[in-house]
Amino acid sequence: DDLIRLQSTALNAAANAVVISDLDGRCIWANRAFSNISGYSFEEALGRNLSFLKSGIQEQDFYKELWETIVSGKTWHGEIVNKHKLGNLFVEEMTISPVYNDKGVMTNYIAVKQDITIRKRMELDLQAANERMKTQMQEIVSLQDKLREQAIRDPLTDLYNRRILQEAIEREIAQSQRNQKEFCV
C-alpha cells in the first residue's frame, strides 16, 4: 500500500505528463503535468476519449498509424500537435506504450508526454535564420564576383584593364626567362 502511494505521488510530481487510458483511448488517470500542459483538469478528462485534444493538424493517416502501432502491442513514439483548453495549439513529444496484466493480456495504454512547443518554435526560428544567412552569403559571393570583375575590366569597353596587362606581362617575362625563349606583345 505504501509502494502504491509512493508511485502515485511520484507520477503526480513528474515534470512530464502521464496519462493512462483504456484500450479505447478513454482517460482513466492523468497527472498534474497533463493539466498544466493541456489546461484540462483530471476530472474534465476522466472517461473522455483523448481525441478531444486533437488539433486537426495531423492527417487521419497519422492517427491510423499511431493506433495500428499500439493496438499491435508496440510502443509508439513521435510528435503530435494538440489543442489546449483555451484553444491554442501545442506540440508534444509523446510515447504511448501498451500495459499488460499478470496474464500477459493488454489492458491499458500509458502515454508519457512532454510539451516541446518552445523547442519547436526555436528550431523553426533557427531554420529561418539559417535560410536568411544562406541567402545573404549568396549575395555576398555575387557581389565579390562583380567586384573582382570591376577590378580587372574597363567599365566602358568591358576589356581587360592595365592592371591585368601588367600582371600578364610580368608572368610572360618570368616564363620567358625560365624557358629562355622570346615572346612578343
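Odds and ends about this structure:
- One residue alone among Y109, Y100, Y63 is hydroxyl-bearing (S, T, Y) and either open to solvent by 80 Å² or more (accessible area, probe 1.4 Å) or touching a Cys at 6+ places or on another chain (Cβ under 9 Å) (or both), and that residue is Y100.
- Unmet requirement for K120, which otherwise passes all of (1) over 30 Å from N12 (Cβ atoms); (2) touching a strand residue (DSSP E or B) at 6+ places or on another chain (Cβ under 7 Å); (3) not hydroxyl-bearing (S, T, Y): (1)
- Residue within the stretch 112-122 that is open to solvent by 70 Å² or more (accessible area, probe 1.4 Å) and more than 30 Å from W67 (Cβ to Cβ) present: yes
- Test: residue in the stretch 46-54 that is part of a loop (DSSP other than H, G, I, E, B), among the hydrophobic types (A, V, I, L, M, F, W, C) and open to solvent by 80 Å² or more (accessible area, probe 1.4 Å): yes
- Exactly one residue among I4, I57 is open to solvent by 50 Å² or more (accessible area, probe 1.4 Å) and over 28 Å from I118 (Cβ atoms), and that residue is I4.
- Candidates are the residues of the stretch 143-170 that are within 30 Å of C184 (Cβ to Cβ) and acidic (D, E); the one that is nearest to the chain's Cα centre (by Cα) is E149.
- Qualifying residues in the stretch 33-45 (those that are assigned to a loop (DSSP other than H, G, I, E, B) and either within 24 Å of the chain's Cα centre (by Cα) or in contact (Cβ under 8 Å) with a residue 40 or more places away in the chain (or both)) - the one farthest from H84 (Cα to Cα): Y40
- Residue satisfying all of: in the stretch 85-96; in contact with a Phe, Trp or Tyr (Cβ under 8 Å, 6 or more places away or on another chain) and open to solvent by 30 Å² or more (accessible area, probe 1.4 Å); nearest to I37 (Cα to Cα) among these: K85
- Some residue of the stretch 151-163 being within 30 Å of A17 (Cβ to Cβ) and hydrophobic (A, V, I, L, M, F, W, C): no
- Check on V71, out of contact with any helix residue (DSSP H, G or I) (no Cβ under 7 Å at 6 or more places or on another chain), open to solvent by less than 80 Å² (accessible area, probe 1.4 Å) and at negative phi: no
- Flag if I140 is under 19 Å from V185 (Cβ atoms) and β-branched (V, I, T): no
- Of the residues contained in the stretch 137-154, one or more are found to be touching a helix residue (DSSP H, G or I) at 6+ places or on another chain (Cβ under 6 Å) and open to solvent by less than 70 Å² (accessible area, probe 1.4 Å).
- Count of the stretch 14-31 residues which are at pLDDT below 95 and open to solvent by 80 Å² or more (accessible area, probe 1.4 Å): 1
The values are calculated or read from the model by the stated rules, or taken from the named source; none is laboratory data. Fair warning: this is a prediction, and the values are worked out from it, not measured in the lab. Positions of Cβ are backbone-derived with ideal geometry, glycine not excepted, and every protein chain shown enters the neighbour counts. Just so you know, the surface numbers come from the protein's heavy atoms only, side chains and all, with ligands and any DNA or RNA stripped out. Shrake-Rupley method; radii C 1.70, N 1.55, O 1.52, S 1.80 Å.
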